[in-house]
Amino acid sequence: MSSSNTCIELRNLSKTFHIRNGGLSATQKIFNLLRLKSKTKEVHAINSVNLKVEKGEFWGIIGKNGSGKSTLLKILLGAIEPDEGSYVKTDGKMIRLALGMGFDPHLTARDNIYLNGTILGLDFRTIGLKFDEIIDFAEVHDFVDTPLKFYSSGMRSKLSFAVAMHAEAEIILIDEFFGDVGDEAFKAKSQKAFENNIMKGKTILHVSHSLELIQSHCDKVMILDKGKAEIFDDPKTAIQYYKNSSTQS
């Protein structure tokens with residue numbers, strides 16, 4: 001039974017994708033069509049995962065590419081439906097942060113701040129009040145009305161991070177850390193902002209390949225391997241387990 005402090009609960013969470021077999025010749029495809037039979041294979045992206053996240057916890061989610069991490073985030077966001085029999089409950093406004101998410105390269109920085117800000121739950125008035133602060137943090141004063149397609153990747157990353165600092169949500173899903181950009185001074189500034197703005201009082205699920213970041217920030221860790229989960233209360237133990245498993249595979 002969930003406590004009043006639980007903001008995410010998953011029970012027997014599974015997701016199976018039915019993938020059509022590729023590599024068939026034209027004749028084989030016509031033959032299958034005539035037989036009204038389509039050959040598919042099942043891919044178990046998530047397999048009976050159980051998880052309970054309490055308010056204010058910082059969870060790391062690690063695993064190899066294809067282990068089910070992105071599928072899990074999409075299920076939490078309601079972007080895809082889990083298999084029948086899965087239980088998913090969330091309590092609190094949830095958003096996903098990813099580098100450049102919601103940015104349009106053909107729009108100016110000014111327009112993108114308003115566009116991305118609304119995606120992150122801010123109204124136009126709030127964005128207007130925070131606009132100068134965002135520009136100052138991103139260090140793009142001279143390029144406010146320049147389309148993002150003319151920005152360097154570093155400039156786009158800085159702007160993305162600056163807007164994300166103002167996200168309004170109780171639960172934040174982070175797809176890789178997006179603040180490790182720019183020179184050392186900006187990295188230090190973004191790290192401090194990450195700790196003060198995003199981490200403070202928020203519940204965070206952080207998908208990352210950076211084991212150092214997972215160990216330094218997370219309270220608990222979930223390792224996904226072919227859709228199955230291992231849960232650890234100690235990040236150091238989790239990372240050692242993950243390294244040993246990767247070496248053996």
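The values are calculated or read from the model by the stated rules, or taken from the named source; none is laboratory data. None of the values given here were measured: they were computed from a predicted structure. Using ideal geometry, Cβ is built from the backbone for each residue, glycine included, and neighbour counts are taken over all protein chains shown. Note: accessible area is taken over every heavy atom of the protein model, side chains too, but ligands, DNA and RNA are not part of it. Shrake-Rupley method; radii C 1.70, N 1.55, O 1.52, S 1.80 Å.
Mind checking which residues of the range 150-163 are part of a helix (DSSP H, G or I) and either open to solvent by less than 30 Å² (accessible area, probe 1.4 Å) or farther than 19 Å from residue 98 by Cβ (or both)? Working first, answer last.
Here is the first cut: in the range 150-163, the residues part of a helix (DSSP H, G or I) are 150, 153-163.
Answer for the range 150-163, where residues must be part of a helix (DSSP H, G or I) and either open to solvent by less than 30 Å² (accessible area, probe 1.4 Å) or farther than 19 Å from residue 98 by Cβ (or both): 150, 154, 157, 159, 160, 161, 162, 163.
Can you pull out every residue in the range 167-184 that is of a type outside the set (D, E, K, R) and at pLDDT 85 or above?
Across the range 167-184, the qualifying residues are 169, 171, 172, 173, 174.
Is there a residue in the range 119-128 that is farther than 30 Å from residue 14 by Cβ, among the charged types (D, E, K, R) and assigned to a helix (DSSP H, G or I)?
There is at least one residue in the range 119-128 that is farther than 30 Å from residue 14 by Cβ, among the charged types (D, E, K, R) and assigned to a helix (DSSP H, G or I).
Does residue 166 satisfy the condition of being closer than 18 Å to residue 67 by Cα and assigned to a loop (DSSP other than H, G, I, E, B)?
No.
Do any strands (runs of 3 or more DSSP E) entirely within the range 1-118 hold 2 or more residues that are modelled with pLDDT under 90 and surrounded by fewer than 14 Cβ atoms within 10 Å (Cβ to Cβ), and if so, which? Lay out the reasoning, then the answer.
Numbers: elements: 6-20, 40-54, 58-62, 87-90, 94-98.
In the range 1-118, 6-20, 40-54 are the strands (runs of 3 or more DSSP E) which contain 2 or more residues that are modelled with pLDDT under 90 and surrounded by fewer than 14 Cβ atoms within 10 Å (Cβ to Cβ).
For the range 160-168, does any single residue satisfy the condition of being in contact with a strand residue (DSSP E or B) (Cβ under 6 Å, 6 or more places away or on another chain) and under 27 Å from residue 6 (Cβ atoms)?
Yes - at least one qualifying residue is present in the range 160-168.
Only one of 194, 131, 137, 186 is open to solvent by less than 30 Å² (accessible area, probe 1.4 Å), touching a helix residue (DSSP H, G or I) at 6+ places or on another chain (Cβ under 7 Å) and closer than 29 Å to residue 219 by Cβ. Can you tell me which?
None of the other options fit; the residue is 186.
Taking the condition of being within 24 Å of residue 12 (Cα to Cα) and either touching a Leu at 6+ places or on another chain (Cβ under 9 Å) or without any contact (Cβ under 8 Å) to a residue 60 or more places away in the chain (or both), how many residues in the range 192-226 meet it?
6
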